[in-house]
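Notes follow once the structure below has been shown.
The values are calculated or read from the model by the stated rules, or taken from the named source; none is laboratory data. Computed from a predicted model, the values in this text were never measured in an experiment. Please note: Cβ atoms are built from the backbone with ideal geometry, for glycine as well, and neighbour counts cover all protein chains shown.
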Amino acid sequence: MRGRLWLGERLRIEALGAFLAARTPAGVPLGQSFGEPSTGRGLFGALAGLDLHPLVRLELLGLGRFTDSTPTNPARSTSLDRVHARSRVVTTSLRVYGAVRGWSYSAEAALQAGRAELVSPAAGGVPILAYAGAARVARRLDELFLSPEPELGVSYASGDARGSRRYTQFDPLLPNPIAYGLLDAAAWSNSIAAHASITVHVHERVAIVPTYRYLAFASTSGDWIGGSLQPISNVSSTARSLGHELDLVARWTPHRVFEARAGGAFLLLAQGGKERLPGASETVRPYAFVQLQLRLD
């Protein structure tokens, strides 16, 4: 369930509530229909947005999630899998963004707190305290040839320090403020990222966007989570550096309702990435795609 309420022209409030899996008694798989509920997943949140000026817009978000289940493969699951299985967590974030005269920017900070039962309910669980931040800035230079639009961005999300009394890896519940990159090499979780890109308008309907992205782990012992939010590796590394990614995308928009995109990317694994994938024989991971998009709005 989701609702939105506008209070004047500048203030909006949104609310969200969803049961992702119904809470059921523990004995249901064995034919029982009574007992203490032990499974279920729910997500609840609220957002307040305030438009002070085209250059200053604010969003304050609170998102709560509860889960009561069992990892599908406990022996091979990551610590983040086990947090997803049984935890209570609240995430709050503040985002400031705006655009004026060709400039656009955004900056966001997020804090996560709660409790997770990483092993079993009898273990008493551990407190969760994680944080993340991101920022980007771009400028379209229409006065220059090809109307280039350079962009710079950075992001950080805490990782877990194994052996600590707290679980400190940021769970990427929120919409990612900066694109993951074509290879989805790292999510907004246990990651340090910096990117630089430039959009070049070679024609009024054709644009080319090369991007360089540097990726590293915030913690050498935290889980490596991909941009699709699936764990890639829970192996520790001695080095933080994950790798260097180069993307190239071409866009053709012959009509406002249709867009064609094609591109490619490769990731050059650094020491930390190689250590996390001990069976990997390839240092470079290539990728290519073609996409056709039809907008019906």
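Looking across 181, 222, one residue alone is over 28 Å from residue 97 (Cα atoms) and surrounded by 16 or more Cβ atoms within 10 Å (Cβ to Cβ). It is 222. For first residues located in segment 46-66 and in a strand (DSSP E or B), partners that are surrounded by 14 or more Cβ atoms within 10 Å (Cβ to Cβ) and among the hydroxyl-bearing types (Ser, Thr, Tyr) and lie 6+ apart or on another chain with Cβ distances below 6 Å form the pairs 57/97; 61/93; 62/92; 63/91.
Just name the residue that is modelled with the lowest pLDDT out of those in segment 251-292 that are assigned to a strand (DSSP E or B) and among the β-branched types (Val, Ile, Thr).
The extreme case among them is 284.
Which one of the conditions (1) exposed (fewer than 15 other Cβ atoms within 10 Å of the Cβ); (2) of a type in the set (Asp, Glu); (3) at pLDDT 90 or above does residue 247 fail to meet, given that it meets all the rest? All conditions pass for residue 247, except number (1). Scanning segment 137-145 turns up no residue that is surrounded by 20 or more Cβ atoms within 10 Å (Cβ to Cβ) and within 27 Å of residue 228 (Cβ to Cβ).
Conditions (1) among the hydrophobic types (A, V, I, L, M, F, W, C); (2) surrounded by 18 or more Cβ atoms within 10 Å (Cβ to Cβ), marked per residue:
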site	(1), (2)
260	yes, no
263	no, yes
268	yes, no
278	no, no
283	no, no
290	yes, no
296	yes, no
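Among the residues in segment 157-166, are any farther than 11 Å from residue 222 by Cβ and surrounded by 19 or more Cβ atoms within 10 Å (Cβ to Cβ)? The answer is no; no qualifying residue exists. Going through (1) part of a loop (DSSP other than H, G, I, E, B); (2) over 26 Å from residue 259 (Cβ atoms); (3) not acidic (Asp, Glu) one by one, residue 192 falls short only on (1).
Checking the stated criteria, residue 222 turns out to be within 23 Å of residue 167 (Cβ to Cβ) and not aromatic (Phe, Trp, Tyr).
So that you can scan it fast, the table gives a plain yes or no per residue for (1) over 24 Å from residue 107 (Cα atoms); (2) without any contact (Cβ under 8 Å) to a residue 24 or more places away in the chain; (3) part of a strand (DSSP E or B):
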position	(1), (2), (3)
129	no, no, yes
144	yes, yes, no
151	no, no, yes
155	no, no, yes
162	yes, no, no
172	no, no, no
183	no, no, no
188	no, no, no
197	no, no, yes
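For segment 17-47, filtered to residues that are at pLDDT 70 or above and surrounded by 16 or more Cβ atoms within 10 Å (Cβ to Cβ), the residue that is nearest to residue 96 (Cα to Cα) is 47.
Restricting to segment 206-243, give me the number of residues that are at pLDDT 90 or above, among the hydrophobic types (A, V, I, L, M, F, W, C) and assigned to a loop (DSSP other than H, G, I, E, B). So the count comes out to 3.
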